[in-house]
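Below is one structure, written out as structure tokens; comments come after it.
Read the figures in this text as sums done on the coordinates, not as results from a lab. What you see is a predicted model, and the numbers here were worked out from it, not measured in a lab. Cβ coordinates were reconstructed from backbone atoms using ideal geometry, including for glycine residues, and neighbour counts include every protein chain displayed.
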Amino acid sequence: MNEVLVKLYVPTIDQQYDIWLPINKKIDTIITLLVKAVNEFTKGYYTPSKMPYLYDKVTTNAFDINLRVIDTEIRNGTELIMI
């Protein structure tokens, strides 16, 4: 399995998405990909002025942008918040 299915919450636009994340990418790359994806989903409405942070919804801990997904607690079903 090279990807995990997560639920992404984006409070600034009050939306949530089910998204597949590649496990071999670093969190900073994942955030960039998520921003692009959400921007496409919203037809250009979501355009953050600075790089958002990615948090675990349950623990509210921010993910280290230097870690790869596989090196974090992100697994299938993990709920993430992007703020």
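Brief remarks follow.
- Neighbours by Cβ (under 7 Å, 6+ apart or cross-chain): first from the range 58-74, surrounded by 14 or more Cβ atoms within 10 Å (Cβ to Cβ); second of a type in the set (Asp, Glu) and part of a helix (DSSP H, G or I): Ile65/Asp28
- Number of residues in the range 10-56 that are hydroxyl-bearing (Ser, Thr, Tyr), exposed (fewer than 14 other Cβ atoms within 10 Å of the Cβ) and in contact (Cβ under 8 Å) with a residue 24 or more places away in the chain: the value is 4.
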